[in-house]
Amino acid sequence: MQVYKFGGASVQNADGVSNITSIVRSTVQPLVVVVSAMGKMTNAFEELTRFYFDGKQEQLWEKFAQIVDFHQGIIADLLGGENESEGFNRLQELLSQRLRQAPSLHYDFEYDQVVSFGELFSTSIISDYWQKEALEHQWVDVKTVLKTDDLYRDANVDWELTQSRMQDTFDEAKGRLWLTQGFLGGTRSNLTTTLGREGSDYTAAIIAHTMGAASVSIWKDVPGVLNADPRWYPDAVKLDELSYNEAIELAFYGAQVIHPKTLKPLQNKGIPLYVKSFIAPDNPGTVIADGREGDAGQPIYILKDKQVFLTASPRDFSFIMEDKLLELIAYFSRFRIKMNLMQNSALNFSACFDSNGATEALLDALKSNFVVRYNEGVQLLTIRQYTPGAIDAMTRGREVIDSQITRKVARFVLR
Ligand code: ADP
Ligand code: ASP
Ligand code: MG
């Protein structure tokens with residue numbers, strides 16, 4: 001069995017859907033296909049949820065209409081008429097019913113119930129198209145097989161239950177081609193959860209792990225894993241192969257091409273991950289597997305924007321020892337803020353982290369015991385396998401407000 005994952009960019013319009021259909025057609029089955037919401041729809045659903053939760057009726061229904069129109073356009077191109085997808089019509093009615101009811105007080109719960117329609121819409125439209133194209137398959141409601149706890153928006157997988165549900169569903173005696181949603185899961189009582197933004201890669205890995213699949217392929221708008229994001233580094237080159245550990249490091253440091261949780265379940269079972277281009281599907285892409293050395297010596301650049309760089313010093317001038325470090329780290333953990341870099345000296349503790357809604361609250365909390373200085377809107381550059389030339393080229397003309405250099409990795413906070 002193989003598992004394929006197609007992200008939003010691959011199904012952003014009707015041509016995209018027909019392209020992934022050809023890729024699926026030319027693949028040996030059994031095959032499980034995981035698909036994300038179309039294009040940038042998850043962002044639109046996030047706005048929809050906000051309007052719903054805040055009771056902004058006018059904006060809510062305007063956004064709803066935009067989302068429906070976007071999908072109707074794709075349906076018209078694929079199926080010959082706006083109302084041709086029965087699955088979509090039914091789901092759209094379900095969503096509008098939900099939005100007509102008052103939300104609960106639990107934002108993260110409402111978020112998952114609403115945002116999940118992105119993946120439900122996309123897979124139901126694709127399923128209707130496959131049916132029209134006589135591509136035999138089964139549509140699977142992933143929340144019935146990928147079971148999680150009820151930590152909405154960041155759900156944890158119940159591996160045992162998921163394994164048995166998946167083995168029952170993706171049973172080679174019962175089918176050869178399945179189509180299901182990425183990013184979503186379901187609690188024991190079958191309420192929808194999500195696995196965190198960009199979580200569809202992780203879904204593919206969960207399925208592969210529990211099914212003991214031969215491989216996972218994630219299909220992207222880039223030729224594979226590159227040594228930098230081509231959106232900011234046009235000279236990026238493709239890496240032909242990577243070890244799991246190297247790929248985990250890249251994803252962890254913020255290379256957005258793979259969701260960081262994706263690699264562990266694959267590494268545990270020795271399942272190779274292919275990152276391939278849906279634009280040039282015959283090209284080899286990047287393979288991530290055991291024993292792959294990667295392009296040793298090739299510097300790899302990861303840039304994280306919208307960072308906050310903070311320095312805290314104890315008001316009582318006590319040293320930053322283990323107890324103070326624990327106290328400081330506990331603040332970040334309490335506000336669920338992920339530190340991307342941390343450093344300390346006798347009297348100062350510094351950290352670089354993603355700016356999010358909790359930044360203000362963190363700063364306020366810290367100020368009672370620490371003198372806090374911070375810069376917002378800075379960038380964090382990580383260079384793996386750095387060379388002096390690579391550091392020079394990337395930091396020239398920039399103000400470096402902090403740096404951390406180890407044997408393999410050089411990191412700079414840049415303004
Ligand atoms: P998906 O459609 O699967 O959600 P994403 O847009 O999340 O795809 O990921 C693909 C994008 O990741 C690319 O278009 C590219 O801009 C970006 N990216 C960031 N870092 C890298 C990297 N090291 N190699 C390749 N692509 C990268
Ligand atoms: N649609 C979700 C998102 O955009 C999940 C994914 O695409 O991986 O975050
Ligand atoms: Mg994505």
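Quick one: length gained pulling Ser189 to Lys174 fully straight, 0.36 nm per residue minus the C-alpha distance?
Working it through step by step, the gained length comes to 2.8 nm.
Can you tell me which of 345-354, 392-401, 28-37, 328-337 comes out highest on packing, and rank the rest after it, using the mean Cβ neighbours within 10 Å?
28-37, 345-354, 328-337, 392-401
Hey, with R₀ at 22 Å, roughly what FRET efficiency would Glu82 and Glu136 work out to, going by the Cβ-Cβ distance, to 0.05?
0.30
From the backbone phi of region 385-393, what are the Karplus-calculated ³J(HN,Hα) couplings (6.51 cos²θ - 1.76 cosθ + 1.60, θ = phi - 60°) in whole Hz, Gly and Pro given as x?
Working through the residues one at a time gives 6, 5, 10, x, x, 5, 5, 4, 4 Hz.
In region 233-305, which GluC sites (Glu not before Pro) are in a loop and have at most 11 other Cβ atoms within 10 Å, using DSSP for the loop call?
Passing sites in region 233-305 are Glu293.
At 0.36 nm per residue, and after removing the present C-alpha to C-alpha distance, how many nm does the segment from Asn356 to Arg90 gain when stretched out fully?
Value of the extension gain: 92.2 nm.
Hey, can you rank 123-135, 311-323, 156-168, 377-389 by average C-beta count inside 10 Å, highest first?
123-135, 377-389, 156-168, 311-323
Give me, ordered by chain and number, the residues 5 or more places off Lys5 or on other chains with an amide H under 5 Å from its own placed amide H.
Long-range HN contacts for Lys5: Val34, Ser217, Ile218, Trp219.
I'd like the orientation of helix 244-253 relative to the chain: the angle between its Cα long axis and the longest Cα principal axis, in ° from 0 to 90, rounded to 10.
Roughly 70 degrees, rounded to the nearest 10.
Need the full-extension length gain, Arg315 to Lys269, defined as separation in residues times 0.36 nm minus the C-alpha distance. One decimal, nm.
11.6 nm
Straight-line reach from Lys261: which lysines have a Cα under 20 Å away, not including same-chain ones fewer than 8 places off?
Lys5, Lys143, Lys147, Lys220, Lys269, Lys276, Lys304, Lys338
Quick query: amide H of Val222 versus all other amide H atoms, modeled in the peptide plane; which residues come in under 5 Å with a sequence gap of 5 or more or a different chain?
Result for Val222 returns Phe278.
Angle check, please: helix 86-100 long axis (alpha carbons) against the longest principal axis of the chain (alpha carbons), in degrees 0 to 90, nearest 10.
That works out to roughly 50 degrees.
Specify, per residue and in Å³, the volume enclosed by the convex hull of the alpha carbon atoms belonging to region 318-396.
Dividing the Cα hull volume of region 318-396 by its residues yields 125 Å³.
Between Tyr386 and residues 5 or more places away or on another chain, which pairs have amide H atoms under 5 Å apart, with H built 1.01 Å from N, and which residues are they?
Ala410
From the phi of every residue in region 265-275, what ³J(HN,Hα) in whole Hz does the Karplus formula 6.51 cos²θ - 1.76 cosθ + 1.60 yield, where θ is phi - 60° and glycine or proline is x?
Karplus-based 3J(HN,Hα) across region 265-275 equals x, 7, 4, 4, 9, x, 8, x, 10, 9, 10 Hz.
Let me see the P(r) profile for the chain: every Cα-Cα distance counted, bins of 20 Å, each bin given as a percent of all pairs.
Calculated P(r), rounded to whole percents: 24, 54, 21, 1.
Provide, in order from the shortest bin, the percent of all Cα-Cα pairs of region 86-150 in each 5 Å bin, continuing until the bin that contains the maximum pair distance.
Percent of pairs per bin, in order: 3, 14, 22, 22, 17, 12, 5, 3, 1.
Which shape class applies to region 54-184: rounded if a/c is under 1.5, otherwise prolate when a/b exceeds b/c and oblate if not, where a ≥ b ≥ c are the square roots of the Cα gyration tensor eigenvalues?
It is oblate, given that a/c is not under 1.5 and a/b is not larger than b/c.
With a 10 Å radius around each residue's Cβ, average the other Cβ atoms per peptide and rank 54-65, 177-188, 12-23, highest first.
My ranking of the peptides, most packed first, is 177-188, 12-23, 54-65.
Below 8 Å, C-alpha to C-alpha, sequence gap of six or more: please give me the relative contact order for the chain in percent.
13 percent
We did not get these values from a lab; they are worked out from the coordinates using the rules stated. Just so we're clear, the structure is a prediction, and the values are computed from it rather than from any experiment. Here the Cβ is made from the backbone with ideal geometry for all residues, glycine too, and neighbour counts use every protein chain on show.
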